[in-house]
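Here is the structure we will look at, set down as structure tokens.
The values are calculated or read from the model by the stated rules, or taken from the named source; none is laboratory data. Keep in mind that this is a model prediction, so the values were computed, not measured. Neighbour counts are summed over all protein chains in view; Cβ atoms, including those assigned to glycine, are modelled from backbone coordinates with ideal geometry. Accessible surface is based on the protein model in full, side chains and every heavy atom, while ligands, DNA and RNA are left aside. Shrake-Rupley method; radii C 1.70, N 1.55, O 1.52, S 1.80 Å.
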Amino acid sequence: MMFPFLRAIADARAPIRARWIGLFLLVYGALWLLVHGGTVLVPPMDNIEQLIWVRKLEWGYYKHPPLTTVLLWPLVQLFGLHGWVTYVLGATLTLGALGLLWWLLRRMHDSRFATIALLAMLCITNIGGRLHFYNHNTTLLLFTVLSAVAAWLALEQRRWTWWALLGLSLGAGALAKYQIGLSVAALLLVWWRARGWKDPVQLGGLFLAGVISMLVFAPHAWWQWQHGTDTIDYAMSTSVAAGEAGLDGVGGSLLWLVEQLLTRGILSGLLLGLGVWLWRRRRPSGASPSAVGVVSTQAKTPVSPAFFLLAWGGLPLLLMLLMGLLFGSVLQRHWGVAYLPACMAGAMLLARRIDWPAVLARPVLCIFIVLQALLMLQVVLTSSYGLSGFRNRAWRNFDAARVAAAMAPQVHKALDGTVRVLIGPSKETGAISLNLPERPLVLLSNNYRWSPWVPQDLVARCGAVKIEVEYRNAVPLPPVPPSAVGGRVENLGGGITAVQWTVQMPQPGQPPCPAL
């Protein structure tokens, strides 16, 4: 093979070192970002949302806690408001989390088991196919894994330091997404199984982690107290209160579980299945399990690695399923991504008759490369640059640059050369803003409560451009009035029939528009 790190991974005679895994993940991430960066016309919706919010740091936003936006802020200060900044950050956090999970699996079992588990995780369709996404699920994955590492080391080494770091990780995870509470439930299950109440260190450590996590979360809780419950209301309205109990809710919840375990993990299952099949065909009869690359843990833990991983990854999935079955909650398709990697590794450890260190070999790595190449080909073919018969109406094919190019001369002339504010729906308006040279602020649906980055007198002083979107199979928009300054662009892709804009002029008698 042409790359030394690929030879190291495929070589069954030596343990796999962390630096080779780091290089492997770096190349994997670079290739996928090249594919995504070269095929998307606009960043993912969630990336755009972050690029809108990052214009002003707050302790909370109307939909989510603040940490995801805070992590993006320094990169925007260095490189500006660009989609590629969010791609790199999203990929770094996702692959960093999986690399850290590889380290934990190596500590639990051995480096070769950890590596075949990593290859399987990278075949989860949401990993490579959405590696350029940057949203609250991206940061949730990172802090879910960080919390798992801290919890395992706290149980293994019985040190207060790890319990304190666990509290920091859980608190930071809550500042990323409230869903980290499911990891708290997993921690309590593991602690109970380990009989933590019988050990003063484990009992005090759990209390310490709880106190620290609440202190970390406290500023956002105070923000909620001051600004109302928008964030909690959004979380409830899009999950618990979004559906109905009954047979429809049960069916939807079961379909969600099938999608998480099968659709998301179908290529992972194919990789592992072919790997085991090849191993069994080539294994000499009566061969004993291999001990190649084994790295034993430094201290005996009160719970098995399989139980820990299944609790950390599987219990949250089970709790979400129960939430759907009992309350009729609408379970979002992406909710399981933060927990599937650990759940998959735990399930592999349950297969005790399989000698996982012996399974990983050159053919399995080749299978992985072929599967990733097919995924990349699918992304290219369904993009706006793909063959006409394969292109889809996905959001990434929305031609926001054409809208910006069409409206720019007119709106710049009307507003003295600079557009300061765009008013309209989040994703389309944000995408158009990224394609205008001045990167105007986005006033979300003309709602100042949702848009604290827009001063309430700015539109009156500087004017604005109102954006309206006509979706496929929706009611057509009324035409722009002849007396208004505006226009329309049609056939934009991404399921969008047309975009209209109307210039809202500054109000007379207002102070001058502030300079950029």
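Details
- Volume per residue for the range 111-228 equals 126 cubic angstrom (convex hull of Cα atoms).
- Heavy-atom surface of the chain, accessible at 1.4 Å and reported per residue (Å²): 45
- Share of carbon and sulfur in the accessible heavy-atom surface of the chain [1.4 Å probe, %]: 65
- Lone cysteines, the chain (no partner Cβ under 4.7 Å): Cys123, Cys343, Cys366
- Inter-part distance, the range 169-214 to the range 14-38, computed on C-alpha centroids, equals 32 Å.
- Calculated over the range 366-516, the projected area of the Cα convex hull averaged across directions stands at 12.0 nm².
- Pairs of alpha carbons in the range 37-166 whose separation is greater than 23 Å (percent): 42
- Relative contact order (%) - criterion: Cα under 8 Å, at least six apart; region: the chain: 18
- Of Trp197, Leu381, Leu349, farthest towards positive along the dipole that unit charges on Lys, Arg, Asp, Glu beta carbons give the chain: Leu349
- Remark: the chain carries a charge dipole of roughly 1780 debye about the Cα centre, counting +1 on each Lys and Arg Cβ and -1 on each Asp and Glu Cβ.
- Applying 1/(1 + (r/R0)^6) with r as the Cβ-Cβ distance of Tyr385 and Leu57 and R0 = 41 angstrom yields a FRET efficiency of 0.70.
- For the range 337-441, the alpha-carbon coordinates run over 73, 32, 20 Å along the three principal axes, in decreasing order.
- Translational diffusion of the range 82-149, µm² s⁻¹ [Kirkwood Rh, Cα pairs; Stokes-Einstein; 10 °C; 1.306 mPa s]: 129
- Inter-centroid distance (Cα atoms) of the range 316-349 relative to the range 467-516, Å: 41
- Note on the range 402-466: along the principal axes its Cα atoms extend 30, 25, 15 Å, ordered by decreasing extent.
- For the range 1-84, the mean projected area of the C-alpha convex hull, equal to one quarter of the hull surface, is 8.2 nm².
- Once the Cβ-Cβ distance of Asp199 and His82 is raised to the sixth power relative to R0 = 45 Å, the FRET efficiency obtained is 0.35.
- Distance (nanometres) between label positions extended 7 Å along Cα→Cβ at Ala351 and Ala408: 5.3
- Counting only the Cα atoms, the range 153-205 fills a convex hull of 64 Å³ per residue.
- In degrees, nearest ten, helix 18-39 long axis to first principal axis of the chain (Cα): 30
- Unsatisfied cross-links (Cα-Cα over 18 Å) in the set Lys56/Lys466; Lys63/Lys427; Lys63/Lys177; Lys63/Lys466: Lys56/Lys466; Lys63/Lys466
- Reciprocal mean inverse distance between Cα atoms of the chain - Kirkwood radius, Å: 25.1
- Across the range 334-342, computed HN-Hα scalar couplings (Karplus, 6.51 cos²θ - 1.76 cosθ + 1.60, θ = phi - 60°) run 8, 5, x, 4, 5, 10, 4, x, 5 Hz from first to last residue, x flagging Gly and Pro.
- Rough spin-label spacing in nm, given labels placed 7 Å along Cα→Cβ, for Asn392 and Leu262: 1.8
- Arg333 versus Leu31: modelled label distance in nm, points set 7 Å from Cα along the beta carbon direction: 2.5
- Close amide H contacts of Asp110 (hydrogens built in the peptide plane, cut-off under 5 Å, sequence separation of 5 or more or a different chain): Val295.
- Kirkwood Rh in Å, taken over the range 462-515 so that all alpha-carbon pairs contribute: 12.8
- Our estimate of slack between Thr161 and Arg472, defined as 0.36 nm per intervening residue step minus the Cα-Cα distance, is 106.4 nm.
- Considering only Gly265, Ser483, Gly424, and ranking their Cα positions along the charge dipole of the chain that arises from unit charges at the beta-carbon of Lys, Arg, Asp and Glu, the one farthest toward the positive end is Gly265.
- Positive end of the dipole of the chain (Cβ unit charges, origin at the Cα centre): among Ile467, Leu278, Pro512, the Cα lying farthest that way belongs to Leu278.
- When the alpha-carbon atoms of the range 57-115 are used, the pair Rg, Dmax equals 15.9, 44 angstrom.
- Between Trp277 and Leu374, the FRET efficiency from the beta-carbon distance, with R0 = 22 Å, is close to 0.70.
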